[in-house]
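Engineer: Got a structure for you, questions after.
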Amino acid sequence: MDPAAERLAPLLSQLVNYERTRPDRRLWDLATMRALLARPGAPTPPRPAVQVGGSKGKGTTTAMLAALATAAGRRAGTYTSPHISTLLERIRIGDRDIRTEQLESLLQAILAAPAGERKPTFFEAMTLCAADWFAQQRVDLAVYEVGLGGRHDATSALPVDAGIVTMIELEHTDVLGDTIAQIAGEKAPVIRPGGTGFTGTTGEAFTVVHAHCVANGARLFALDRDFGLRAVRWSEAGASGRLWLQDGRELPFVLPGAAAFELPALALAAAAFVHLLPTAPLVLEPAPRPQLPCRFEVRAEADGEVLVLDGAHTEHSLRMVGSELQRRWPGRKAALLFGSATGKRWQQGLSALLGAVDSVVVTELVGTTGEDPAAIAAFLTAAGVRNEVVPDAATGLRLLRGRPGPRLVAGSFYLAGQVRALVDAEPSEPHR
């Protein structure tokens, strides 16, 4: 149990939490956010600020951008979701989470304010708390990660100086649309009219994002067209090469311990950084590498194997996880512990990962509605993959540890976070 959530339960119980109930259609708009941002005495959200959206990579890009700001001696506030261990993780300045009593005070003020026709949702209230906290603390840069979509996301009510659309794939199709073009159309509005955008999208998604910018008088800088990475070299120490920027500079970079999926995030973050903080030094040798929980988080196991925790749940992200497994441990296949939240394209995601996996343990999720493990197991059986269903994550972890590694937990941040908590709670002596 999260002690912060337990203490704040009387306040949180007043908020509808769509992250947990997962409605199959949009039940929110920006009216409540706008009303609360305009409430008497509300602090003005800080500038410069940036909104980060996309199907995958937005959390890593957010963290990279904040890390570059910190390395330059600036104070960056980050608002992210979901959380892994505590809801305090969602609101950070530098490397410090907001404290429980600080969040409590902010929530009390927001819930006491008139909000129009309805009270804010959990995500709206947390978004407002982040903006208020960053304003009170006078951060040098505010970075807001989109929760879902973009056009109607609570973060889109906040004033920003740039928008980032990382990459786009089919996800949340019941809410955002069932084509790449529809989803891109929902996410592109994080680039505001007359503003500046950065994107790692390609193909049809890029066409939609580009058209949105043209129609709204926004400048768009694209990965591999206006900025990017060149001459990338890999070693046991990580990745190195040259970063070229939209202002014409080309700079050497070193990213220690890098995973391949982190390189586009570094390029996007660096391009946005020089736009948002043009007088700040860009530190790249080495570039700061934030240690994000459950983003290809590698834990050493007592028997010499490794346990990899990753919240990947989309086709592209799970394919990237499989590629990273094969790059780091060539010739070996992973044992997988898997669970999926309701509404995810888990069949496509699993199919993208199975080339790097030789056995799967399937379990239910805790904290959100999940897909039926029996249905996932039936899919795996039809695909010829050895699998077993277990009732909970603890049983799944024990079973996983009975198999050769590497060992992977993926499919949901809820599952990866639960296993992470189990591992952290273990005594220091070797498990059996």
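The values are calculated or read from the model by the stated rules, or taken from the named source; none is laboratory data. These figures come from a predicted structure and were not determined experimentally. So basically every Cβ, Gly included, is an ideal-geometry build from the backbone, and we count neighbours across all protein chains shown.
Engineer: Tell me which residues, restricted to the stretch 318-336, are crowded, with 23+ Cβ neighbours inside 10 Å, under 16 Å from Glu305 (Cβ atoms) and not small (Gly, Ala, Ser).
Structural biologist: Those that are crowded, with 23+ Cβ neighbours inside 10 Å, under 16 Å from Glu305 (Cβ atoms) and not small (Gly, Ala, Ser): Leu325, Leu336.
Engineer: Under the condition of being hydrophobic (A, V, I, L, M, F, W, C) and surrounded by 19 or more Cβ atoms within 10 Å (Cβ to Cβ), which residue from the stretch 293-306 is farthest from the chain's Cα centre (by Cα)?
Structural biologist: Within the stretch 293-306, the match that is farthest from the chain's Cα centre (by Cα) is Phe296.
Engineer: What tally of residues in the stretch 38-59 results from selecting those that are in contact with a Ser or Thr (Cβ under 9 Å, 6 or more places away or on another chain) and modelled with pLDDT of 95 or more? Spell out the reasoning first.
Structural biologist: Here is the first cut: in the stretch 38-59, the ones in contact with a Ser or Thr (Cβ under 9 Å, 6 or more places away or on another chain) are 50-59.
Those left that are additionally modelled with pLDDT of 95 or more: 50-53.
Residues flagged as in contact with a Ser or Thr (Cβ under 9 Å, 6 or more places away or on another chain) and modelled with pLDDT of 95 or more within the stretch 38-59 amount to 4.
Engineer: Out of all the residues in the stretch 351-369, is one or more crowded, with 23+ Cβ neighbours inside 10 Å, small (Gly, Ala, Ser) and assigned by TED's automatic domain parsing to the domain that holds Gly304?
Structural biologist: no
Engineer: Moving on to the next point. Quick one: would you say Ala211 is part of a helix (DSSP H, G or I), in contact with a Cys (Cβ under 8 Å, 6 or more places away or on another chain) and at pLDDT 95 or above?
Structural biologist: On the way: part of a helix (DSSP H, G or I): yes; in contact with a Cys (Cβ under 8 Å, 6 or more places away or on another chain): no; at pLDDT 95 or above: yes.
No: the conditions fail for Ala211.
Engineer: Quick one: which strands (runs of 3 or more DSSP E) lie wholly within the stretch 66-159 and hold at least 2 residues that are closer than 19 Å to Arg47 by Cβ and not β-branched (Val, Ile, Thr)?
Structural biologist: Once the strands (runs of 3 or more DSSP E) in the stretch 66-159 are filtered for at least 2 residues that are closer than 19 Å to Arg47 by Cβ and not β-branched (Val, Ile, Thr), what remains is 76-79, 141-145.
Engineer: Report yes if some residue within the stretch 126-141 is under 25 Å from Gly370 (Cβ atoms) and either surrounded by fewer than 23 Cβ atoms within 10 Å (Cβ to Cβ) or modelled with pLDDT of 95 or more (or both); otherwise report no.
Structural biologist: yes
Engineer: Looking at the stretch 307-320, which of its residues are within 16 Å of Ala335 (Cα to Cα) and under 16 Å from the mean Cα position of the chain (by Cα)? Lay out the reasoning, then the answer.
Structural biologist: Step one: of the stretch 307-320, the residues within 16 Å of Ala335 (Cα to Cα) are 307-312, 318-319.
Residues satisfying the conditions are Leu309, Asp310, Gly311, Ala312, Leu318.
Engineer: Which condition from (1) more than 28 Å from Gly322 (Cα to Cα); (2) surrounded by 20 or more Cβ atoms within 10 Å (Cβ to Cβ); (3) of a type outside the set (S, T, N, Q) is the one that Leu255 breaks?
Structural biologist: (1)
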